[in-house]
Each structure stands twice: as C-alpha cells, then as structure tokens.
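The values are calculated or read from the model by the stated rules, or taken from the named source; none is laboratory data. Everything quoted here is computed from the prediction, not taken from an experiment. Every residue, glycine as well, gets a Cβ built from its backbone with ideal geometry; the counts of neighbours run over all protein chains shown.
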C-alpha cells in the first residue's frame with residue numbers, strides 16, 4: 001500500500017517486486033518446485049512400462065516422449081499460477097495499482113517460468129538418458145525446452161488467468177490451452193529429432209524463438225485482460 | 001458511408017435486429033435448402049467420377065464446404081468477440097455465442113466425412129494428415145470456447161472471457177495450421193501424400209462452389225436462428241418484444 | 001444424371017455405402033442446426049405467451 005506523498009514506483013521496480021515476491025514464494029515452497037520435476041520423472045517412466053523396454057524403440061521415440069511429458073508438466077503447474085494471488089486478494093491489489101496489470105502479471109509469469117519450466121529444461125538431460133536419447137540431441141533438447149517452456153508458461157498464463165475464478169478450473173485450463181500448445185510441441189520435438197538424426201535443427205529453433213518473442217509481446221496483454229475479467233466475475 | 005454506419009448501429013439494437021433477422025431468415029431458409037439440394041444433386045449424381053478415387057470422391061462436396069465454413073466461422077466468432085470487447089456492444093456477444101455451436105458442428109461434420117472418405121481411399125478410418133489434424137485442433141478450439149462459457153457463472157464475464165480466448169485462438173490458428181503442415185512433411189516421405197493437390201476439373205469445381213455457398217448460407221441461417229432464440233429469452237419481459245409478438 | 005440407373009447411383013461401384021452414409025449424417029447435422037434453435041425459439045415463445053396471459057389475468061383481479 002502506498003501513501004499519497006510517497007513517490008510512486010517506476011514500472012521496472014514494480015515488475016521486479018512482483019518477480020521477487022513470487023520467486024521467493026516458490027523457492028520457499030519446495031513442493032511447488034519439486035513436484036513438477038517428480039511428475040516429469042514419473043511420467044517418463046510410464047512410457048517404457050507401456051511401450052516395452054526395447055532401447056531402440058525408446059530412443060527413436062524419445063524426442064516426442066520428452067516433449068509431450070514436458071507439455072503435461074507445464075499444464076499441471078499453470079493451473080496454480082495466479083491461484084494463490086486470487087485467493088488472498090493480492091490480485092485485486094495488482095489490478096488497482098497504477099501500473100499496467102499485464103506488466104505486473106509478467107513479473108509473476110517470469111518467476112514462475114524460472115522455477116518450473118526453466119528448471120525442467122536444465123534437468124531434462126537426466127530423463128533423456130533414461131530413454132536413450134542419443135547424446136547429439138541433448139544440447140538441442142535443453143535449448144528447445146528452454147524456449148519452449150517459456151512459450152508454454154506464457155500460454156499457460158493466459159489459460160490460468162481465464163480460469164482462475166472457476167472452481168476446479170484446472171482441467172478446463174488444459175482443454176483450453178492444449179490446442180494452443182501444439183505448435184510449440186511440433187517445433188520442439190522436430191528440433192530434437194533433427195539433431196538426433198544429425199541434421200540441422202536451427203530452422204525449428206528459430207521458429208521456436210520467433211514464437212517465444214511473439215508470445216512475450218502479446219500474451220501479457222491477454223493475461224491482463226483475462227485477469228480483470230476473472231476479478232470482475 | 002453514412003448509410004453503412006447507420007446500418008451497423010441499427011444492428012446493435014435488439015428490437016431492430018429482431019425484426020430484421022425475422023424477415024431475413026424467412027427468405028434465407030428456402031434459398032439455403034434449394035442451394036443445398038441443387039449442389040448435392042449435382043455433386044452426387046451429375047458430376048463425373050474421379051479418375052483415381054472413383055465415386056468415393058463425391059464426399060468432397062460436403063467435406064470441403066464444411067471445413068471451409070468451419071474455419072471461417074471461427075473468424076466470425078473472433079470478430080464478434082473483438083467488437084464486443086472493444087465497443088462493448090451486447091449484440092456482438094450474442095453473435096459470438098450463436099456462432100460457436102454452429103462452427104463446432106460443422107467442424108465435426110468435416111472430420112466425420114473426412115474419416116468416411118478416408119476408408120475407401122486409403123484403407124483406414126483415420127489418417128494423421130495435415131488437413132485432418134488441423135481440423136481436429138480447430139474442433140478443440142471451438143469446444144474450449146463452449147466449455148469456458150459454461151464454466152463461468154457470471155454470464156457477462158463469461159462472454160468477455162470467451163472473446164479473449166477466441167482472439168488468442170485466432171492469432172494462433174495460422175501458426176497451428178502452418179506448424180501442422182511442417183510436422184506432416186517432416187514425418188512423411190515426400191512420395192506418400194494423403195491429400196494431394198491436383199487440378200480440379202470444371203465439371204467438379206462448379207458443384208463444389210455451389211455447396212460452399214450453400215454452407216455459408218447455412219452457417220448464417222443457423223447463427224441467426226440461435227441469435228433470435230437468445231434475444232427472445234434475454235428480452236422476454238421487454239415491452240417492445242411483447243408488443244411485437246402480440247401483433248404478429 | 002451420370003449414372004445409368006438409380007440402382008447404379010445407389011451402388012456407386014462399391015463406394016455407395018460410404019458416400020450415402022456421409023451424406024445422410026450431414027443431412028442429419030444440417031437439420032439439427034436449423035431445427036434445434038427453432039425449437040428453442042418456439043419454446044421461449046410459448047413461455048412468453050403464457051406469461052402474458054398470467055399478467056393479463058393478474059391485472060384483471
């Protein structure tokens with residue numbers, strides 16, 4: 001809360017505040033950080049159990065499997081993105097602040113991405129080895145997941161903002177954003193597949209980068225609008 | 001120009017729209033039915049069979065129009081949503097909600113007819129080719145809008161949320177279609193093309209155009225009927241409505 | 001008509017089952033697209049008429 005005679009915060013400071021606040025909240029709660037990784041770990045294990053342990057088959061499917069599981073993990077964490085703020089009223093405070101809601105929300109999204117998607121991308125080589133992904137694909141896997149989880153988190157933020165006021169909105173959120181996640185999945189898994197085959201993955205990575213840039217520019221606007229709608233409902 | 005703005009302004013007025021749409025629908029229904037019948041007869045019984053696919057290709061006369069109009073319908077929904085968000089015109093809300101189920105049904109028709117077409121042509125009820133996969137994602141997008149609307153209790157907020165979702169979807173549709181295209185060509189050898197582009201003969205093109213036109217009219221009519229039912233309920237206690245209904 | 005007889009049109013060189021099934025399903029969808037909103041409209045109309053009668057009845061008390 002600000003008193004009238006105090007100079008108002010600059011936009012960057014306000015952004016930084018949101019970022020730090022949510023970053024700290026996420027770091028404090030081990031569950032919020034560890035659960036997505038555990039989910040990733042366990043679901044990756046389901047695939048050999050379902051498909052059979054044949055290493056060649058698993059290796060050929062590894063890019064797709066890893067990417068689908070990353071997408072599912074991203075869906076799971078997106079549901080919680082604005083939930084705690086909505087429940088304790090801080091979302092309303094953010095909406096009343098003099099700064100654009102889209103930028104403040106972006107601070108939250110950024111903290112969220114670093115603690116979930118980014119972390120997942122960096123840890124992914126471990127799970128890739130479990131599926132027998134050839135080593136030449138590992139670097140591209142990490143890079144594609146870094147860019148990709150950024151896209152997925154931004155899209156997830158839009159979905160979360162739209163469904164935060166709905167009880168049990170988690171499943172609805174998945175329904176809403178899975179179609180929007182398809183290009184990310186296609187670009188990401190294609191990049192890794194190309195790298196594994198020894199071909200050049202740069203086209204796919206560039207496309208992914210362009211997607212990330214576009215979403216960074218547009219998604220916050222949608223998130224801001226959706227948050228206001230959810231607050232009004 | 002002045003006249004056009006006046007017309008658009010009138011469209012936003014429920015009493016005016018109610019009367020206008022009533023007359024329009026009365027005229028549109030026989031025209032649509034006629035056009036559908038002519039197109040279907042032409043495509044089913046008059047046009048010659050395809051050189052490679054034989055008679056099963058005749059499904060194209062419903063599959064392609066349904067697919068084309070389903071995609072266009074999403075844009076209609078998006079434009080209505082945008083108008084509703086930007087200028088806060090309630091009629092645009094009604095239009096957006098009216099378009100959604102019509103588009104969803106047409107997408108489903110396109111998918112089902114596509115599957116039925118696939119069986120005699122490629123031996124399987126479902127093939128993951130670029131066009132059908134894109135259509136499937138379009139169906140998910142439509143169903144998402146419907147689900148979101150149902151989930152909100154406050155229907156004014158629901159309409160705004162759906163408008164935002166539809167706009168987000170609209171921006172993504174070209175990206176989705178393109179990425180599915182590239183996905184398909186990445187994973188399929190170039191020689192195996194399920195839906196190949198081949199020059200279409202005039203005798204087959206004309207009935208197709210007729211059917212596309214018929215499906216556009218069908219979309220418009222179904223959307224207008226949905227809007228009329230919705231408006232009737234929204235304004236059921238309004239004086240102008242009671243008067244109009246007692247008179248007719 | 002392209003086909004020599006109605007039987008030939010029905011059979012369509014073996015593809016008739018698929019073609020006619022597709023057209024039949026689409027016809028059902030088209031009919032529903034028109035009939036369901038019309039039925040909803042008429043249902044609402046009946047409610048309005050009944051409500052009007054109720055109001056007229058109340059005003060005469």
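Only one of these conditions is not met by residue B:106: (1) in a helix (DSSP H, G or I); (2) at the interface with chain A (Cβ under 9 Å from one of its Cβ atoms). Which number is it?
(2)
Here's the yes/no breakdown for (1) at the interface with chain B (Cβ under 7 Å from one of its Cβ atoms); (2) touching a strand residue (DSSP E or B) at 6+ places or on another chain (Cβ under 7 Å); (3) in contact (Cβ under 8 Å) with a residue 60 or more places away in the chain:
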site	(1), (2), (3)
A:185	no, no, yes
A:188	no, no, yes
A:206	no, no, no
A:209	no, no, yes
A:214	no, no, no
A:220	no, no, yes
A:224	no, no, yes
A:233	yes, no, yes
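Which one is nearest to the chain's Cα centre (by Cα) among residues in segment B:1-26 that are under 21 Å from residue B:238 (Cβ atoms) and not in a helix (DSSP H, G or I)?
Checked segment B:1-26; the qualifying residue nearest to the chain's Cα centre (by Cα) is B:12.
Within segment B:27-56, how many residues turn out to be facing chain C (nearest Cβ under 9 Å) and outside any helix (DSSP H, G or I)?
5
In segment B:109-129, what residues are more than 8 Å from every other protein chain (Cβ to nearest Cβ), under 21 Å from residue B:54 (Cβ atoms) and in a helix (DSSP H, G or I)?
If the condition is that a residue be more than 8 Å from every other protein chain (Cβ to nearest Cβ), under 21 Å from residue B:54 (Cβ atoms) and in a helix (DSSP H, G or I), then B:114, B:115, B:118, B:121, B:122 are the ones that fit.
Among the candidates A:26, A:49, which residue alone is surrounded by fewer than 16 Cβ atoms within 10 Å (Cβ to Cβ) and farther than 23 Å from residue A:180 by Cα?
Criteria check complete, one pass: A:49.
Does residue B:80 satisfy the condition of being assigned to a helix (DSSP H, G or I) and in contact with a helix residue (DSSP H, G or I) (Cβ under 9 Å, 6 or more places away or on another chain)?
Working: assigned to a helix (DSSP H, G or I): yes; in contact with a helix residue (DSSP H, G or I) (Cβ under 9 Å, 6 or more places away or on another chain): yes.
Yes; evaluated as a whole, the condition is true for this residue.
Quick grid of which residues meet (1) at pLDDT 90 or above; (2) under 22 Å from residue A:187 (Cβ atoms):
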position	(1), (2)
B:168	yes, yes
B:181	yes, yes
B:190	no, yes
B:209	yes, no
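Could you pull out every one of the helices (runs of 4 or more DSSP H) wholly within segment A:135-233 that has 3 or more residues that are out of contact with any helix residue (DSSP H, G or I) (no Cβ under 8 Å at 6 or more places or on another chain)?
Once the helices (runs of 4 or more DSSP H) in segment A:135-233 are filtered for at least 3 residues that are out of contact with any helix residue (DSSP H, G or I) (no Cβ under 8 Å at 6 or more places or on another chain), what remains is A:202-232.
Please determine whether any residue of segment C:36-44 is within 24 Å of residue B:113 (Cα to Cα) and buried (at least 17 other Cβ atoms within 10 Å of the Cβ).
Within segment C:36-44 (the criterion being within 24 Å of residue B:113 (Cα to Cα) and buried (at least 17 other Cβ atoms within 10 Å of the Cβ)), the answer is yes, since at least one residue qualifies.
I'm told residue C:17 meets every condition in (1) surrounded by 13 or more Cβ atoms within 10 Å (Cβ to Cβ); (2) at the interface with another protein chain (Cβ under 7 Å from one of its Cβ atoms); (3) more than 30 Å from residue B:234 (Cα to Cα) except one. Can you identify the failing condition by its number?
Here residue C:17 meets the rest and fails (2).
Hey, can you tell me all the residues within segment B:144-160 that are under 20 Å from the mean Cα position of the chain (by Cα), within 8 Å of chain A (Cβ to nearest Cβ) and surrounded by 18 or more Cβ atoms within 10 Å (Cβ to Cβ)?
B:144, B:148
Within segment A:184-224, which residues are farther than 10 Å from residue A:147 by Cβ, crowded, with 21+ Cβ neighbours inside 10 Å and within 15 Å of the chain's Cα centre (by Cα)?
Once the filter is applied, which keeps residues that are farther than 10 Å from residue A:147 by Cβ, crowded, with 21+ Cβ neighbours inside 10 Å and within 15 Å of the chain's Cα centre (by Cα), segment A:184-224 yields A:215, A:219, A:220, A:223.
Got a sec? Which of A:120, A:58, A:37, A:104 is surrounded by fewer than 18 Cβ atoms within 10 Å (Cβ to Cβ) and part of a helix (DSSP H, G or I)? Show your work before the answer.
Values: A:120 fails: surrounded by fewer than 18 Cβ atoms within 10 Å (Cβ to Cβ); A:58 fails: surrounded by fewer than 18 Cβ atoms within 10 Å (Cβ to Cβ); A:104 fails: surrounded by fewer than 18 Cβ atoms within 10 Å (Cβ to Cβ).
Going through A:120, A:58, A:37, A:104 in turn, just one is surrounded by fewer than 18 Cβ atoms within 10 Å (Cβ to Cβ) and part of a helix (DSSP H, G or I): A:37.
Which one of these does residue B:20 not meet: (1) closer than 30 Å to residue C:45 by Cβ; (2) within 12 Å of chain C (Cβ to nearest Cβ)?
Residue B:20 satisfies all of (1) closer than 30 Å to residue C:45 by Cβ; (2) within 12 Å of chain C (Cβ to nearest Cβ) except (2).
Is it the case, given these coordinates, that residue A:159 is closer than 19 Å to residue B:179 by Cα and under 17 Å from the mean Cα position of the chain (by Cα)? Reasoning before the result, please.
Values: closer than 19 Å to residue B:179 by Cα: no; under 17 Å from the mean Cα position of the chain (by Cα): yes.
So residue A:159 fails the test.
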